[in-house]
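The values are calculated or read from the model by the stated rules, or taken from the named source; none is laboratory data. Computed from a predicted model, the values in this text were never measured in an experiment. With ideal geometry, Cβ positions are generated from the backbone for all residues, glycine too; neighbour counts draw on all protein chains shown.
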Amino acid sequence: MAAPAVAHINRIGTALPPNDVHTAFVDFVETLITDRREQVIFRRLVNRSAIEHRWSFCAPVRNPDGFMADAEGFYIAGDFPSTSRRMARFAATAPGLAEQAVAALGLSAGELGGITHLVVASCTGMVAPGIDQLLVRQLGLNASVERTHVGFMGCYAAVNSLRLAHHFVRSDPAARVLVVNLELCSLHFQETGQLESLLAMLLFGDGCSAALVTAEAQGLALTDFRATTVADSAEAITWGVGDQGFDMVLSGQVPAILQRALAGPAGADLLRGQTPDTYGVWAVHGGGRAILDAVESGLVLPPGALDRSRDVLRECGNMSSATIMFVLQRILKDIGGSVPRGAPGFAVAFGPGVAAESFRFETVGG
């Protein structure tokens, strides 16, 4: 019996909304913190966050009462939007951002018409007909395309999306899979004076990726996938639907939890019993500077191994499931340059559970 086809990420396109909101968000949050000591802590952690830019559809506006987001006053003190308003904004803006990411793939109309499977992942918005159905119409995809939605999984949803594409191509070598990771995290800022919640919100921005996955031997060859969940950590990262958006709980203990887990049996299992020096290329979800530091320490990675992840974090913040795709895009662009062909790679993302989703890959190039 013939060996199954090998799925390859052939191309990745990305898109960001037009407004850099990081500085405005920091300034606005400082008006919500009334305790002087917590103000000092917040500013110190802002300076240590290693984030310089985050992007959103909400344009920061300064008025006599302080900052609000966009002329409609989407975020203004004392009047933060309801969940229904946030979902209406998602429905109005998310499809366009997804189209931009797909356009960045540079596919012709004929190539788009040849897409056989569409996987859309998002944990920051819900609309029906879904983004998958809207994209079929807006991109001119075949109406019979097989659609799958990956919802509410959090930052590791991109790995699950690629795993689906991997299985589609292995079962049908002619499959051409379009994978879209679409996140508008800035729709879920909360009006609160609680420092831990504000520090969690400090990390997140908006972004979208689109990837073409086929059996064609170019780009990144997907080898295998593996997941693990850290015991007794379920409450450290949670994500629930509230009356004013989705409520994120991100414990300050998460980096320590990950560091311990990756230094022990969980890390050895994710690495398939290999040592870190087995892998020449690393794509790690930039959940925050402390997360990347924990991965680097727990797995004892060489200096510079996570530079691409740190660059994406600095330039875009944590875009939930789209983040690791921005890192993989940089690896693709570097193949044949700073990334040699035939290099073994390792990718991992973290999210609610606390769970880690990983896959191995090999750089093939064009």
- Message: When the residues of segment 44-78 are narrowed to those that are in a loop (DSSP other than H, G, I, E, B) and of a type in the set (Val, Ile, Thr), which ends up modelled with the lowest pLDDT?
- Response: Ile76
- Identify, by number, the condition in (1) free of Cβ contacts under 8 Å to residues at least 12 places away in the same chain; (2) over 26 Å from Thr214 (Cβ atoms); (3) among the aliphatic types (A, V, I, L, M) that Ala143 doesn't meet. (2)
- Quick one: which residue in Gly106, Gly151 is within 19 Å of Arg11 (Cβ to Cβ) and in contact with a strand residue (DSSP E or B) (Cβ under 8 Å, 6 or more places away or on another chain)? Gly106
- Task: Scan segment 298-312 for residues that are within 20 Å of Glu357 (Cβ to Cβ) and without any contact (Cβ under 8 Å) to a residue 40 or more places away in the chain and jot them down.
- Result: Leu299, Leu301, Ala305, Leu306, Arg308, Ser309, Val312
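In this structure, does Val281 turn out to be under 15 Å from Gly351 (Cα atoms) and under 20 Å from the mean Cα position of the chain (by Cα)?
Values: under 15 Å from Gly351 (Cα atoms): no; under 20 Å from the mean Cα position of the chain (by Cα): yes.
In short, no.
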- Query: Are there any pairs with C-beta distances below 9 angstrom linking a residue in segment 187-198 that is more than 18 Å from Ser49 (Cα to Cα) to a residue that is basic (Lys, Arg), with the two at least 6 apart or on different chains, and if so which?
  - Reply: Leu187/Arg86; Leu187/Arg89; His188/Arg86
- Query: Only one residue in Ala227, Ala210 is out of contact with any Asp or Glu (no Cβ under 6 Å at 6 or more places or on another chain) and aliphatic (A, V, I, L, M). Which one?
  - Reply: Ala210
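State whether the residues of segment 268-276 include one that is small (Gly, Ala, Ser) and over 30 Å from Gly365 (Cα atoms).
Going residue by residue through segment 268-276, those that are small (Gly, Ala, Ser) are 268, 273.
If we keep only those that are over 30 Å from Gly365 (Cα atoms) too, we end up with none.
Checked segment 268-276: no residue is small (Gly, Ala, Ser) and over 30 Å from Gly365 (Cα atoms).
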- Note on the structure: Quick count over segment 146-170, residues being over 14 Å from Pro352 (Cβ atoms), out of contact with any Asp or Glu (no Cβ under 9 Å at 6 or more places or on another chain) and not polar (S, T, N, Q), is 7
- Task: Provide a single number: the residues in segment 28-63 that are surrounded by 13 or more Cβ atoms within 10 Å (Cβ to Cβ), closer than 28 Å to Asp293 by Cα, in contact (Cβ under 8 Å) with a residue 60 or more places away in the chain and of a type outside the set (A, V, I, L, M).
- Result: 8
- Message: Of the conditions (1) closer than 30 Å to Gly106 by Cα; (2) of a type outside the set (Asp, Glu); (3) at pLDDT below 95, Ser358 satisfies every one except a single condition; which number is it?
- Response: (3)
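Considering segment 226-243 alone, what residues qualify as being surrounded by fewer than 17 Cβ atoms within 10 Å (Cβ to Cβ) and in contact (Cβ under 8 Å) with a residue 12 or more places away in the chain?
Residues of segment 226-243 surrounded by fewer than 17 Cβ atoms within 10 Å (Cβ to Cβ): 226, 229, 231-232, 234-235, 238, 240-243.
Once the filter is applied, which keeps residues that are surrounded by fewer than 17 Cβ atoms within 10 Å (Cβ to Cβ) and in contact (Cβ under 8 Å) with a residue 12 or more places away in the chain, segment 226-243 yields Arg226, Thr229, Ala234, Glu235, Thr238, Val241, Gly242, Asp243.
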- Query: Does segment 201-216 include one or more residues that are surrounded by 17 or more Cβ atoms within 10 Å (Cβ to Cβ), under 17 Å from the mean Cα position of the chain (by Cα) and at pLDDT below 90?
  - Reply: yes
- Among (1) over 23 Å from Leu16 (Cβ atoms); (2) at pLDDT below 95, the one test that Gly286 misses: (1)
